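Here the structure is laid out as structure tokens; the discussion comes afterwards.
The values are calculated or read from the model by the stated rules, or taken from the named source; none is laboratory data. Computed from a predicted model, the values in this text were never measured in an experiment. Counting neighbours? That spans all protein chains shown, and the Cβs are built from the backbone with ideal geometry, glycine included. Accessible surface is based on the protein model in full, side chains and every heavy atom, while ligands, DNA and RNA are left aside. Shrake-Rupley method; radii C 1.70, N 1.55, O 1.52, S 1.80 Å.
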Amino acid sequence: MRKRIAVLAGDYIGPEIVAEAIKVLKAVERRFGHEFSYQDAPVSGEAYDKYGKHLPENTLEVCRQSDAILKGPFGGPPSELNHPKWAKVEQEAILGLRKAFNFYINLRPVQPVDGLLHLSPVKEENIRGVDIVFVRELMSGMYFGPKGRQVENGEEVAFDTELYREHEIDRIADAAFTLAMQRRKKVTLIGKSNVLTSSVLWREVVAKVARDYPDVTLDYQHVDAASMYLISNPRQYDVVLTSNMFGDILTDEASVLVGSLGLCGSASLGDGSFGLYEPIHGSAPDIAGQDKANPLSTILSVALMLRHSFGLMEEANGVEKAVFDVLAKGYRTPDLAAYDPQGTKVGTRQMGDLVARAVAESK
């Protein structure tokens with residue numbers, strides 16, 4: 001199989017961890033006889049330095065000519081958030097990519113690794129066997145609704161509007177139920193329908209979609225209760241369906257179950273197989289260039305790319321197994337070694353080497 005991948009390496013640790021993900025992809029190429037090509041394109045801070053904008057048209061064109069996008073984290077140091085280079089990265093580069101390609105589905109799997117259960121602050125008995133996929137709506141809600149600032153009666157007023165249209169809920173719900181049919185056939189909708197009118201619409205539309213999937217069980221939880229149950233009883237969840245804002249918050253909370261943001265991959269998809277794959281963590285300027293960053297979130301995102309954009313199930317499973325095997329042998333990047341001094345501490349590049357070797361030697 002031949003596939004083209006647009007590479008948006010991102011900022012600070014981005015190029016380091018993306019390089020290790022490509023290393024693993026090349027191991028997949030050799031092991032399974034595929035041919036992937038990689039086209040770099042400037043974005044975020046690099047693009048601003050070159051073009052004065054965070055998402056130039058030539059980068060979008062590289063993406064359009066590709067079969068998938070591999071993206072690193074975007075953003076600058078907290079001390080420079082008001083600098084023009086970083087001030088609008090979120091709106092222009094991150095939300096800009098989603099809007100340009102109508103990526104309305106975000107998938108974030110949460111599956112704690114047995115050998116790392118002790119690293120989670122949550123009790124081991126609560127997280128053993130957890131296997132959740134969050135399906136987050138990514139193209140509407142408060143992030144894209146009407147917003148602004150104005151002066152009323154002499155004081156500043158700011159507003160961000162949670163706006164959802166029926167078809168936007170319908171399409172993300174259909175994606176969640178389709179995924180549930182391939183898993184344990186349960187969807188949990190999370191909202192706040194006792195307060196928010198938008199959540200009332202979510203419940204109504206999702207209930208209609210559920211009629212087309214009689215084999216799937218649908219239940220509902222308010223977001224405040226779900227944020228508690230996610231820690232106290234996460235095994236109850238299979239596919240979790242929720243809005244843009246609630247999904248953003250809950251998926252970061254769920255990363256605690258696996259012990260590190262560096263162990264969670266992410267896929268953003270639209271109507272077809274084309275998708276964007278990225279780690280869920282930030283650009284970590286404080287450790288950039290020090291061979292300390294954990295590349296596993298990006299590598300696990302590559303597994304999602306193989307599965308959802310390329311349809312390569314065996315290869316995707318092989319990458320995930322390679323990651324879990326390397327962790328089972330006790331290898332730890334600094335973020336994990338800090339909580340597991342008995343492990344073997346390795347750097348960014350060595351962790352990539354270990355996973356690539358495990359892929360190459362898989363049978």
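Return the residues of the range 141-151 that are touching a residue at least 12 places away in the same chain (Cβ under 8 Å), open to solvent by 20 Å² or more (accessible area, probe 1.4 Å) and in contact with a strand residue (DSSP E or B) (Cβ under 9 Å, 6 or more places away or on another chain); say none if nothing qualifies.
Residues satisfying the conditions are MET142, TYR143, PRO146, LYS147.
In the range 120-140, what residues are modelled with pLDDT of 95 or more and either farther than 27 Å from ARG183 by Cα or surrounded by fewer than 19 Cβ atoms within 10 Å (Cβ to Cβ) (or both)?
Once the filter is applied, which keeps residues that are modelled with pLDDT of 95 or more and either farther than 27 Å from ARG183 by Cα or surrounded by fewer than 19 Cβ atoms within 10 Å (Cβ to Cβ) (or both), the range 120-140 yields only ASP131.
Criterion first (farther than 18 Å from ARG183 by Cβ and either open to solvent by less than 50 Å² (accessible area, probe 1.4 Å) or in contact with a strand residue (DSSP E or B) (Cβ under 9 Å, 6 or more places away or on another chain) (or both)) does VAL223 satisfy it? Lay out the reasoning, then the answer.
Working: farther than 18 Å from ARG183 by Cβ: yes; either open to solvent by less than 50 Å² (accessible area, probe 1.4 Å) or in contact with a strand residue (DSSP E or B) (Cβ under 9 Å, 6 or more places away or on another chain) (or both): yes.
So VAL223 fits the description; yes.
Inspect the range 303-325 for any residue being assigned to a helix (DSSP H, G or I) and among the aromatic types (Phe, Trp, Tyr) and give the result as yes or no.
Looking for residues that are assigned to a helix (DSSP H, G or I) and among the aromatic types (Phe, Trp, Tyr), one finds at least one in the range 303-325, hence yes.
So which residues in the range 7-19 are part of a helix (DSSP H, G or I) and either over 18 Å from ASN294 (Cβ atoms) or open to solvent by less than 10 Å² (accessible area, probe 1.4 Å) (or both)?
Result: GLY14, ILE17, VAL18.
Given the conditions (1) assigned to a helix (DSSP H, G or I); (2) farther than 29 Å from GLU90 by Cα; (3) in contact with a helix residue (DSSP H, G or I) (Cβ under 9 Å, 6 or more places away or on another chain), which single one is not true for SER199?
(2)
Could you tell me which residue of the range 50-82 is farthest from ARG4 (Cα to Cα), considering only residues that are among the acidic types (Asp, Glu) and either within 21 Å of the chain's Cα centre (by Cα) or modelled with pLDDT of 95 or more (or both)?
Only one residue tops the list, namely GLU57.
With VAL205, VAL209, VAL200 as the choices, which residue is surrounded by fewer than 16 Cβ atoms within 10 Å (Cβ to Cβ), over 22 Å from the mean Cα position of the chain (by Cα) and of a type in the set (A, V, I, L, M)? So that I can check it myself, show each step before the final result.
On the way: VAL205 fails: surrounded by fewer than 16 Cβ atoms within 10 Å (Cβ to Cβ); VAL209 fails: surrounded by fewer than 16 Cβ atoms within 10 Å (Cβ to Cβ).
None of the other options fit; the residue is VAL200.
Among the helices (runs of 4 or more DSSP H) lying completely within the range 38-96, list those that include at least 1 residues that are in contact with a helix residue (DSSP H, G or I) (Cβ under 6 Å, 6 or more places away or on another chain) and hydrophobic (A, V, I, L, M, F, W, C). Give the derivation first.
Values: elements: 44-51, 57-64, 84-87.
Once the helices (runs of 4 or more DSSP H) in the range 38-96 are filtered for at least 1 residues that are in contact with a helix residue (DSSP H, G or I) (Cβ under 6 Å, 6 or more places away or on another chain) and hydrophobic (A, V, I, L, M, F, W, C), what remains is 57-64, 84-87.
Go through the range 335-346 and give me each residue that's open to solvent by 30 Å² or more (accessible area, probe 1.4 Å) and in a helix (DSSP H, G or I).
Hit for the range 335-346 is ASP335, nothing else.
If we scan the range 28-43, do we find a residue that is touching a Gly at 6+ places or on another chain (Cβ under 6 Å) and open to solvent by 10 Å² or more (accessible area, probe 1.4 Å)?
Checked against the condition, which is being touching a Gly at 6+ places or on another chain (Cβ under 6 Å) and open to solvent by 10 Å² or more (accessible area, probe 1.4 Å), the range 28-43 yields no hits at all.
Under 8 Å by Cβ, and 6 or more places apart or on different chains, what pairs join a residue from the range 101-130 that is within 15 Å of PRO234 (Cα to Cα) with one that is charged (D, E, K, R) and surrounded by 19 or more Cβ atoms within 10 Å (Cβ to Cβ)?
Here the result reads ARG108/ARG136, each pair linking the range 101-130 to a residue that is charged (D, E, K, R) and surrounded by 19 or more Cβ atoms within 10 Å (Cβ to Cβ).
Every residue, every condition in (1) open to solvent by less than 40 Å² (accessible area, probe 1.4 Å); (2) modelled with pLDDT under 95, yes or no:
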{"position": "ASN294", "(1), (2)": "yes, no"}
{"position": "MET313", "(1), (2)": "no, no"}
{"position": "LYS329", "(1), (2)": "no, yes"}
{"position": "THR348", "(1), (2)": "yes, no"}
{"position": "ASP353", "(1), (2)": "no, no"}
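Kindly list the number of the only condition in (1) at pLDDT 95 or above; (2) more than 24 Å from THR59 (Cα to Cα); (3) open to solvent by 20 Å² or more (accessible area, probe 1.4 Å) that fails for ASN102.
(2)
Considering only the range 226-239, state which residues are open to solvent by less than 20 Å² (accessible area, probe 1.4 Å) and within 12 Å of GLU253 (Cα to Cα).
ALA226, LEU230, PRO234
Applying the selection to the range 251-272, what residues are out of contact with any Phe, Trp or Tyr (no Cβ under 7 Å at 6 or more places or on another chain) and farther than 23 Å from VAL323 by Cβ?
If the condition is that a residue be out of contact with any Phe, Trp or Tyr (no Cβ under 7 Å at 6 or more places or on another chain) and farther than 23 Å from VAL323 by Cβ, then ASP271, GLY272 are the ones that fit.
Which residues, taken from the range 241-283, are assigned to a loop (DSSP other than H, G, I, E, B) and either open to solvent by less than 20 Å² (accessible area, probe 1.4 Å) or closer than 19 Å to LEU296 by Cα (or both)?
SER243, GLY259, SER260, CYS264, GLY270, ILE280, HIS281, GLY282, SER283
Mind checking whether some residue in the range 159-179 is acidic (Asp, Glu), open to solvent by 60 Å² or more (accessible area, probe 1.4 Å) and in a loop (DSSP other than H, G, I, E, B)? Give the steps one after another, and end with the answer.
Kept after step one, since they are acidic (Asp, Glu), are these residues of the range 159-179: 160, 162, 166, 168, 170, 174.
Applying the additional criterion that residues be open to solvent by 60 Å² or more (accessible area, probe 1.4 Å) yields 160, 166, 170, 174.
Keeping just the survivors that are in a loop (DSSP other than H, G, I, E, B) gives none.
No, that holds for no residue.
Does any residue in the range 302-327 that is on the phi > 0 side of the Ramachandran plot come within less than 9 Å, Cβ to Cβ, of a residue that is assigned to a loop (DSSP other than H, G, I, E, B) six or more places away or on a different chain, and which pairs are these?
GLY311/MET1; GLY311/SER273
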